[in-house]
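Working notes, structure below.
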Amino acid sequence: MAQGKVVSKKRAEVVKTIVACRYPLVQEGLSKILEEDKAIKVVSGVSNLIDLIESCKQFDFDILLLGIELKGLNLTKILGLVKKNKNAKVILLIDRDYSENLLINAIRSGVRGYVLKDVDSSHLIKSVKAVFDGELWAERKLMGKVVDGYSYPTKKLEVKGQIYDLTETEIKIIKLVLTGMTNREVADELYISEKTVKFHLYKIFKKLTVKNRAGLILFGFRNGFVT
């Protein structure tokens with residue numbers, strides 16, 4: 001794991017942290033690990049979205065260690081709450097089979113790093129302190145994609161002899177729309193804004209030569225994407 005340093009600041013006496021994880025036992029374990037370091041204080045440990053929202057409003061905190069599997073999680077809304085606390089930052093806690101594009105979108109939205117669940121305790125503590133000090137905690141190859149936008153290569157989609165140039169994100173959005181998701185639901189699923197979804201759909205409509213969402217769904221039915 002390598003980091004890109006942004007702005008360093010002198011560490012306060014303690015790094016006030018909220019730990020949010022779907023499973024209470026895991027949440028309690030993470031909290032105990034963090035508090036083994038005298039420079040970190042867990043001000044709240046939660047295992048559901050309601051308690052997380054209340055904790056973000058109630059507590060003054062520096063770091064939110066957030067399990068990505070938290071039921072009902074809307075990362076956009078949580079980031080909005082966190083931003084109200086000027087100095088607070090978010091670190092995602094993820095599984096090994098994470099989605100790279102999910103992380104890229106999350107970092108572009110304001111997440112300051114991520115930690116795999118199978119790291120050792122010293123690595124977890126180090127990540128919290130580093131992000132508090134102003135660093136981005138992510139692999140260099142991922143940060144390169146965040147900066148350069150190389151995570152969305154064009155793909156050739158061939159449908160009945162017709163070739164369409166679509167990005168990975170556009171293909172994902174098409175699939176989600178064809179399952180019946182609204183723009184808001186698609187945005188939540190991909191951790192992007194609803195405005196970004198609408199922009200992608202505009203480009204998709206042009207590429208597939210359909211006029212609107214209904215035309216896209218009809219395109220899906222006619223070409224075997226949905227039954």
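The values are calculated or read from the model by the stated rules, or taken from the named source; none is laboratory data. Because the structure is a prediction, the values reported are computed rather than measured. Every residue, glycine among them, receives a Cβ derived from its backbone with ideal geometry; neighbour counts consider all protein chains shown.
Numbers below:
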quantity	calculated
Condition met for S121 (of a type in the set (S, T, N, Q), within 18 Å of K41 (Cα to Cα) and in contact with a helix residue (DSSP H, G or I) (Cβ under 6 Å, 6 or more places away or on another chain))	yes
Filter result for the condition that a residue is part of a loop (DSSP other than H, G, I, E, B), surrounded by 14 or more Cβ atoms within 10 Å (Cβ to Cβ) and assigned by TED's automatic domain parsing to the domain that holds T169, over I192, I217	I192
Close pairs from segment 7-32: first in the same structural domain as A130 (by TED's automatic domain parsing) and more than 21 Å from W137 (Cα to Cα), partner at pLDDT below 90 and aliphatic (A, V, I, L, M), Cβ under 9 Å, at least 6 apart	R22/L70; R22/L73
Residue check, L49 out of contact with any strand residue (DSSP E or B) (no Cβ under 6 Å at 6 or more places or on another chain), in contact (Cβ under 8 Å) with a residue 12 or more places away in the chain, surrounded by 13 or more Cβ atoms within 10 Å (Cβ to Cβ) and more than 13 Å from V19 (Cα to Cα)	no
Residue within segment 175-183 that is under 26 Å from V90 (Cα atoms), not in a strand (DSSP E or B) and not assigned by TED's automatic domain parsing to the domain that holds L103 present	yes
Residue tally, condition touching a strand residue (DSSP E or B) at 6+ places or on another chain (Cβ under 9 Å), under 16 Å from F205 (Cβ atoms) and assigned to a helix (DSSP H, G or I), over segment 161-174	3
Pair list, Cβ under 8 Å, 6 or more apart: segment 114-132 residue in the same structural domain as K16 (by TED's automatic domain parsing) and in a helix (DSSP H, G or I), other residue crowded, with 16+ Cβ neighbours inside 10 Å and of a type in the set (G, A, S)	S127/G113; A130/G113; V131/G113
Residue that is modelled with the lowest pLDDT [pool: residues in segment 75-131 that are more than 22 Å from S193 (Cα to Cα), surrounded by 21 or more Cβ atoms within 10 Å (Cβ to Cβ) and in contact with a Ser or Thr (Cβ under 9 Å, 6 or more places away or on another chain)]	V115
